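Below: one structure, written as structure tokens.
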2 protein chains.
Amino acid sequence: MGLRETKVARTRAQIVDVAVNLFLEKGYDGTTMEEIAEQAEVGTTTLYRYFPSKDLILLDPFTREDPVADTVRSRPADEPIDIVLGHAVLATFAYLEHDQPRINAIRTLIDESSAPRARLWDVLARNLAELERAIAERTGAPVDSVSVRMTARVTQLTIELAADTWRSSEGTRRLPEIARTIMAALKSDGVPFPAVPPSA
Amino acid sequence: MGLRETKVARTRAQIVDVAVNLFLEKGYDGTTMEEIAEQAEVGTTTLYRYFPSKDLILLDPFTREDPVADTVRSRPADEPIDIVLGHAVLATFAYLEHDQPRINAIRTLIDESSAPRARLWDVLARNLAELERAIAERTGAPVDSVSVRMTARVTQLTIELAADTWRSSEGTRRLPEIARTIMAALKSDGVPFPAVPPSA
DNA sequence: ATACCAACTGGTAGTTACTACCACATTGAG
DNA sequence: CTCAATGTGGTAGTAACTACCAGTTGGTAT
């Protein structure tokens, strides 16, 4: 890794760090891009080169590749699909748990302002598409089939539900444990799907 | 309904109509709020009173109350939950189908620009919350329970899947028929949920 | 070491979404 | 008819974001 790449990576990390601190201190809307640029010691032009929009700074940790699709691809071929997805869910949390409090704070900030909150789903849509591809490859079903699309979404929802529950539990329980509880509940209780009403 | 209310309603409709036509003609990003105000024959201040942000003009049809939660509340108490949800799904489409082509065009515009596309999820989150409440009332489970939250989301996903499929079929099939097909497929194939991997 | 190209930086000027505040017009009620 | 409530619209300002341009720095080939 050359000097140039190193500098770019450092600048990028610096921007995110400075920005999140400012957001925590003065709120997302109360912080201007100029302030971020100034504190990060870059010009505003440079700032916009690293992050084309303000909300993407806050969403940075969520734009990195998540390990769900990779897990689906790397599990043994004879493992049942529900277990594969269970591993994928747990992999996400192993990945997230290392800087728990900061991610937690960032997620709270995201939910508080409308621009990043809205954009989050847009960002997660990319993960969803990749998960769909991975599931389709594994099961042999077409990517746009009902089962593939629904399976991918249900998996993402399970992750979201677990993360939500964890966030509102304020660190009293560990993430993987919460995920296990939720998956167990889904299995034992079952989830009703909308069904075609009898025509009579 | 007094004269004042009539005028307000007319102005509102006029704004949406003018704006969507401009969006279709020049694109969402290529249309300014000033142009919309001018063509709709209102001041920009007034425009912002009706719609606090540009994307909400385009999202207007999706901010109206959707009938899903209402359907859940109004079905007979002894009807099985999956059938109730099936009715709710079909109710949405009966409601949507009356101005099919325009809604279709609007949805395409939404998907093409990042701001409205992102904001759409934020808007639909309100419907989701109300559906959660309706399901919780009916089943007696707490609103924040895993089953209620997952059921509500799965229902919303079924609607989304059907609408997506319909949009890409370009009007060759009717919406309720597509919805029935999807629900039937979900029932017969089943959807795998992530499951806790064996600890061994 | 020197020359050179590519990538990175940052400043200036401009557009546009959106807000705050203002005076003015219109509606509807007593 | 009067008056208060409600709606209208203009002006001035902020801040996100873009286009353009000149200058700097890092890597590379000679």
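If the label for B:Gly171 sits 7 angstrom from Cα along the Cα-to-Cβ line, what are its distances to the same label in every other copy, in nm to one decimal, shortest first?
Distances to the matching label points in the other copies: 5.8 nm.
Of B:Pro67, B:Pro142, B:Pro76, which is the most mobile in a GNM of chain B whose springs link Cα atoms less than 10 angstrom apart?
Its mean-square fluctuation being the largest, the pick is B:Pro76.
Tilt of helix A:175-189 relative to the longest C-alpha principal axis of chain A, in degrees (0 to 90, nearest 10)?
It is inclined by approximately 30 degrees.
Pairing the Cα long axis of helix B:100-112 with the longest principal axis of chain B, what angle in degrees results, from 0 to 90 and rounded to the nearest 10?
Once rounded, the angle reads 90 degrees.
Under a point-charge model restricted to the Cβ atoms of Lys and Arg (+1) and Asp and Glu (-1), what is the dipole moment magnitude of the protein assembly as shown relative to its Cα centre, in debye to the nearest 20? Before the final figure, lay out the partial values.
On the way: 48 positive and 60 negative charges, 57 e Å.
For the protein assembly as shown, the charge dipole is close to 280 debye.
Identify the residues of the stretch A:43-74 with backbone N under 17 Å of a label point that sits 7 angstrom from the Cα of A:Met1 along the Cα-to-Cβ direction, or state none.
A:61, A:64-65
In whole Å, how far is the Cα centre of the stretch B:165-195 from that of the stretch B:1-23?
Taking the Cα centre of each part, the stretch B:165-195 and the stretch B:1-23 sit 36 Å apart.
Just to verify a number: FRET efficiency for B:Thr32 and B:Ala77, C-beta to C-beta distance, R0 = 45 Å, to 0.05? Mind dumping the intermediate values first?
Values: r = 52 Å, r/R0 = 1.16.
The pair B:Thr32/B:Ala77 has a calculated efficiency of 0.30.
Shortest first and in nm to one decimal, what separations exist between B:Gly140 and its copies in the other chains, measuring from label points 7 Å along the Cα-to-beta-carbon line?
4.5
Show me the GluC sites (Glu not before Pro) within the stretch B:101-200 that DSSP assigns to loop and that have at most 10 other Cβ atoms within 10 Å of their Cβ.
Details: sites: B:Glu112, B:Glu130, B:Glu132, B:Glu137, B:Glu160, B:Glu170, B:Glu177; in loops: B:Glu170.
Answer in residue order: B:Glu170.
Considering chain B as a Gaussian network with a 10 Å cut-off on Cα pairs, which listed residue, B:Leu157, B:Leu186, B:Leu96, attains the greatest mean-square fluctuation?
B:Leu186
Given chain A reduced to its alpha-carbon atoms as identical point scatterers, what log10 I(q)/I(0) does the Debye formula return at q = 0.08, 0.15, 0.17, 0.18 Å⁻¹?
The computed values of log10 I(q)/I(0) come out as -0.35, -1.02, -1.19, -1.26.
Any idea what angle helix B:114-139 forms with the longest principal axis of chain B, computed on alpha-carbon atoms, 0 to 90 degrees, nearest 10?
For B:114-139 against chain B, the angle is about 40 degrees.
Can you sort B:Ser199, B:Ser114 from fewest to most other Cβ atoms within 10 Å of each residue's own Cβ? Please report the intermediate quantities before stating the final value.
Working: B:Ser199 5, B:Ser114 15.
By the 10 Å Cβ count, ascending, the order reads B:Ser199, B:Ser114.
Connecting C-alpha atoms closer than 10 Å in a GNM of chain A, tell me which of A:Ile106, A:Ile81, A:Ile135 has the biggest fluctuation.
Of A:Ile106, A:Ile81, A:Ile135, the most mobile in the Gaussian network model is A:Ile81.
Over chain A, what is the mean sequence separation of C-alpha contacts under 8 Å (at least six apart), divided by residue count, expressed as relative contact order in percent? The partial results should precede the final answer.
Values: 140 pairs, mean separation 36.5, N = 200.
Answer for chain A is 18 percent.
What are the distances, in nm and sorted shortest first, from the label point of A:Asp99 to the label points of the same position in each other copy, with each label point placed 7 Å from Cα along the Cα-to-Cβ direction?
4.7
How large, in Å, is the protein assembly as shown by the Kirkwood hydrodynamic radius built from its alpha-carbon pairs?
Averaging 1/r across every pair of different Cα atoms and inverting gives 23.4 Å.
Values quoted throughout were computed directly from the atomic coordinates according to the rules given, and no laboratory measurement underlies them. Being a predicted model, the structure only gives us computed values, none of them experimental. Heads up, the Cβs are rebuilt from the backbone with ideal geometry, glycines too, and the neighbour counts pull from every protein chain shown.
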